[in-house]
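The values are calculated or read from the model by the stated rules, or taken from the named source; none is laboratory data. Computed from a prediction, not measured in an experiment: that's the story for all the values here. Here the Cβ positions follow ideal geometry from the backbone for every residue, glycine too, while neighbour counts run over all protein chains shown. Protein only, heavy atoms only, side chains kept; ligands, DNA and RNA dropped before computing areas. Shrake-Rupley method; radii C 1.70, N 1.55, O 1.52, S 1.80 Å.
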Amino acid sequence: MSERKIIDARGSFCPGPLMELIAALKLMEIGEEVEIWSTDQGTAKDVPEWAAKVGHETVDSGEKEDHWFVVVKKTK
Amino acid sequence: MSKKVLIVGGGLAGTIIANGLIRHIGEEIRKGDVSITMLGTSDTHMYQPGLLYIPFGKIRERELFRPQRKVLDKRVIFHIDPATNIDVENKKVTCNSGTVHDYDYLVIATGSRLMPQNIPGLAEGAHWLYDLEGARKMRDALDKFEGGKIVVNVNAPHKCPVAPLEITFMLKEYLEGKGLWDKTEITYTYPIGRLHALEPVAEWAKPAMDEAGIKYETFFNTKEVDPAGKTIESEEGVTLDYDFLVTIPPHNGAEVITESGLGDGGWVPTDRKKLTHPEHSDVFVCGDTTNIPISKAGSTAHFEADTVIDNLASLLTEGRWARDYDGKVFCFVETGMKTGTYVWFNYETPPNPGAPSQMIHWFKLAYNRLYWLSARGLL
């Protein structure tokens, strides 16, 4: 299992955490996981919603000290 | 012994840094204590944001170009010799000619490139205006367009995140001017669940599109295009018909970055405040090349470049760091052929676009000319 990729999108207004995640997933292999960090609370909702729509898997999500995080597994 | 600053890339970021640095350390350059060398890929400097106006006949091609040698301060040593390998461990950059340059400080500003070929059928089926050839083709195709379904398709990642909205609203007014709007339907697609990555911009764009009669499809990540059948399909399972497809193609960073093992997709990992490689404080990264999660845009490159200039000048003359980059970005947004607005933000402050006005449109037109002063490090 390869190391989980981290996208630190804290403080990102443009293009925004979800756009960063979409761009990163394109460069990953099926089965790999990525964890995105964001200071935008909307990310905690947007990312799982998008992942479900495309067919990727949301592995984990929650809140840490100063940011929200979501872990997505590329499935297709 | 003389210190060598090596800048890889002759676009906006590299050019502002070279010229701006010279203005700070002219004395050291004169005495031969510091040299600045730039490795570019072309003898011509292009004002990329001007491409937006090409398909609509609102700017002349020659206005977008100047000889790079004339844009650069004459004290900058300039080679048109693209880098083929960047070795940050051994502080060496190899060029196409085989020449190897060493450095004390390296600036990587190799930019981004269009990758329509990353999506099946996109290059064959779509128009774009992010390079001169594409803008010319789009202009010629628009001349022949007699009405029908237009899809404006946005892919990630791309530079200048407001350009897709500008293109959409300008297209509408252009077609109105030609008397074709009644026979045309525009659908704008966007990868995430709203009309722009910036939430305040999305909140402005939605009613503006509703009022303009522009349709939209969010959560649309392009899977493939069928140029023969004239359809575009998303990963989310939506298929749209089109008569005229405009795309914002996905971008990658420069090939030399991936080939040198400096970062996936050509994006170099970058400290968001110092703008340096995380493991090499003598390697600065600027402009589209960084992996920082903020806009890939000339404005970003400009404000980053100002920070790099201050830090490099300070390191070269006083041996200390000057300041951090705060994430500042400022973007004009054309909201039609005669109105515009703007957004600015940084790592801490969210954007807040104002009401569009004719005056801001004029400011943007003025900036299109003032750009050459920016590139020279004067603005």
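The strands (runs of 3 or more DSSP E) found entirely in segment B:219-284 that carry 1 or more residues being β-branched (Val, Ile, Thr) and either in contact with a strand residue (DSSP E or B) (Cβ under 6 Å, 6 or more places away or on another chain) or open to solvent by less than 20 Å² (accessible area, probe 1.4 Å) (or both) are B:222-226, B:231-234, B:239-241, B:244-248. The residue pairs whose first member lies in segment B:326-343 and is touching a residue at least 60 places away in the same chain (Cβ under 8 Å), whose second member is assigned to a strand (DSSP E or B) and polar (S, T, N, Q), and whose beta carbons are closer than 6 Å, counting only pairs six or more residues apart or on different chains, are B:333/B:341; B:335/B:341. Which residues, taken from segment A:18-59, are in contact with a helix residue (DSSP H, G or I) (Cβ under 6 Å, 6 or more places away or on another chain), modelled with pLDDT under 90 and either facing another protein chain (nearest Cβ under 7 Å) or over 23 Å from residue B:326 (Cα atoms) (or both)? Matches in segment A:18-59: A:27, A:46. Within segment B:158-180, being open to solvent by 10 Å² or more (accessible area, probe 1.4 Å), in contact with a Gly (Cβ under 8 Å, 6 or more places away or on another chain) and either away from every other protein chain (no Cβ under 13 Å) or not hydrophobic (A, V, I, L, M, F, W, C) (or both) holds for B:169, B:172, B:173, B:180. Restricting segment B:50-66 to residues that are assigned to a loop (DSSP other than H, G, I, E, B) and touching a residue at least 12 places away in the same chain (Cβ under 8 Å) leaves a set whose member that is surrounded by the most Cβ atoms within 10 Å (Cβ to Cβ) is B:55. Under the condition of being open to solvent by 10 Å² or more (accessible area, probe 1.4 Å) and away from chain A (no Cβ under 14 Å), which residue from segment B:333-351 is nearest to residue B:274 (Cα to Cα)? Looking at residues that are open to solvent by 10 Å² or more (accessible area, probe 1.4 Å) and away from chain A (no Cβ under 14 Å), I get B:335. With the structure loaded, tell me whether residue B:290 is in contact (Cβ under 8 Å) with a residue 24 or more places away in the chain and at negative phi or whether it fails that test. Answer is no for this residue. Among the residues of segment B:320-374, the one identified as in contact with a Lys or Arg (Cβ under 6 Å, 6 or more places away or on another chain) and of a type in the set (Gly, Ala, Ser) is B:340. Among the small types (Gly, Ala, Ser) and open to solvent by 10 Å² or more (accessible area, probe 1.4 Å), is that true of residue B:26? Considered against the rule, which asks whether it is among the small types (Gly, Ala, Ser) and open to solvent by 10 Å² or more (accessible area, probe 1.4 Å), residue B:26 comes out as yes.
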